[in-house]
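S.K.: This is the structure I have questions about; it appears just below.
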Ligand SMILES: Cc1cc2nc3c(=O)[nH]c(=O)nc-3n(C[C@H](O)[C@H](O)[C@H](O)COP(=O)(O)O)c2cc1C
């Protein structure tokens, strides 16, 4: 039994710039009976089509992308400072080469058939509603292209936040 409690999505009080941009998160998804996770620090929270949404961006070469694409949902797991090493590791090593979840001594739990990392202190269960790969002609600030020397444009995923679990 874990100690998460579900809170209403609209009662969430966090600073997204800090929690996503500075402290990072793990994006976790499942494909069949396999689960993979990766660190992300780009994304956001807001309102779209009158829904509470999270958006994430994932480069095509990420193994986790195969899991996100194979599933109707993914989770975002947020951690305390004590797990910064594990998040750095999950942002450097690919699940193609190692079982990162085991290596970090993390364990996976599920909410509504969506895997998340139990050691987190905040989890968002997200149902995919939109995806679109970024394309070169959509960039208005060409300096941003410096992020894409290999033309490996992110795919944007917008997902409805179905539930929020906190400790
Ligand atoms: C702090 C940090 C933030 C990252 N943010 C993203 C991101 O938002 N999108 C992305 O595609 N990759 C991001 N990455 C890179 C992936 O986490 C990294 O390539 C990871 O090893 C992919 O693992 P996978 O191949 O198992 O999916 C980030 C890495 C770090 C260290």
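The values are calculated or read from the model by the stated rules, or taken from the named source; none is laboratory data. Worth saying up front: this structure is predicted, and the values here are computed from it rather than measured. Cβ coordinates were reconstructed from backbone atoms using ideal geometry, including for glycine residues, and neighbour counts include every protein chain displayed.
S.K.: Just the residues that are closer than 18 Å to residue 14 by Cβ and within 13 Å of the ligand (Cβ to nearest atom), please, taken from region 79-133.
M.R.: Residues satisfying the conditions are 79, 83, 84, 87.
S.K.: Looking at 24, 49, can you tell me which residue is in contact (Cβ under 8 Å) with a residue 40 or more places away in the chain and surrounded by fewer than 14 Cβ atoms within 10 Å (Cβ to Cβ)?
M.R.: Just one listed residue meets the conditions, 49.
S.K.: So, of the residues in region 98-118 that are in a helix (DSSP H, G or I) and within 16 Å of the chain's Cα centre (by Cα), which turns out to be surrounded by the fewest Cβ atoms within 10 Å (Cβ to Cβ)?
M.R.: In this case the residue turns out to be 101.
S.K.: Any idea how many residues of region 29-42 are part of a strand (DSSP E or B) and more than 10 Å from the ligand (Cβ to nearest atom)?
M.R.: Summing the residues that are part of a strand (DSSP E or B) and more than 10 Å from the ligand (Cβ to nearest atom) in region 29-42 gives 4.
S.K.: Are any residues in region 46-61 within 14 Å of the ligand (Cβ to nearest atom) and in contact with a strand residue (DSSP E or B) (Cβ under 6 Å, 6 or more places away or on another chain), and if so, which ones?
M.R.: Listed by number, the residues that qualify are 54, 55, 56, 57, 58.
S.K.: Which pairs have Cβ atoms under 9 Å, sit 6 or more apart or on different chains, and link a residue in region 79-101 that is under 17 Å from residue 18 (Cβ atoms) to one that is part of a helix (DSSP H, G or I) and modelled with pLDDT of 95 or more?
M.R.: Close Cβ pairs (under 9 Å, with a partner that is part of a helix (DSSP H, G or I) and modelled with pLDDT of 95 or more) amount to 79/86; 79/87.
S.K.: Evaluate the following for residue 66: is it within 14 Å of the ligand (Cβ to nearest atom), over 15 Å from residue 40 (Cα atoms) and either surrounded by fewer than 20 Cβ atoms within 10 Å (Cβ to Cβ) or at pLDDT below 95 (or both)?
M.R.: So residue 66 passes the test.
S.K.: Also, quick follow-up: Need pairs with beta-carbon distance below 6 Å; first residue under 12 Å from residue 70 (Cα atoms) and within region 33-44, second in a loop (DSSP other than H, G, I, E, B) and within 6 Å of the ligand (Cβ to nearest atom); sequence gap 6+ or separate chains.
M.R.: 36/95
S.K.: List the number of the failed condition for residue 86; all other conditions in (1) surrounded by fewer than 17 Cβ atoms within 10 Å (Cβ to Cβ); (2) out of contact with any strand residue (DSSP E or B) (no Cβ under 8 Å at 6 or more places or on another chain) hold.
M.R.: The number of the failed condition is (1).
Residue-by-condition table, conditions (1) part of a strand (DSSP E or B); (2) at pLDDT below 95; (3) more than 15 Å from the chain's Cα centre (by Cα):
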{"site": "2", "(1), (2), (3)": "no, yes, yes"}
{"site": "14", "(1), (2), (3)": "no, no, yes"}
{"site": "21", "(1), (2), (3)": "no, no, no"}
{"site": "27", "(1), (2), (3)": "yes, no, no"}
{"site": "45", "(1), (2), (3)": "yes, no, no"}
{"site": "52", "(1), (2), (3)": "yes, no, yes"}
{"site": "57", "(1), (2), (3)": "yes, no, no"}
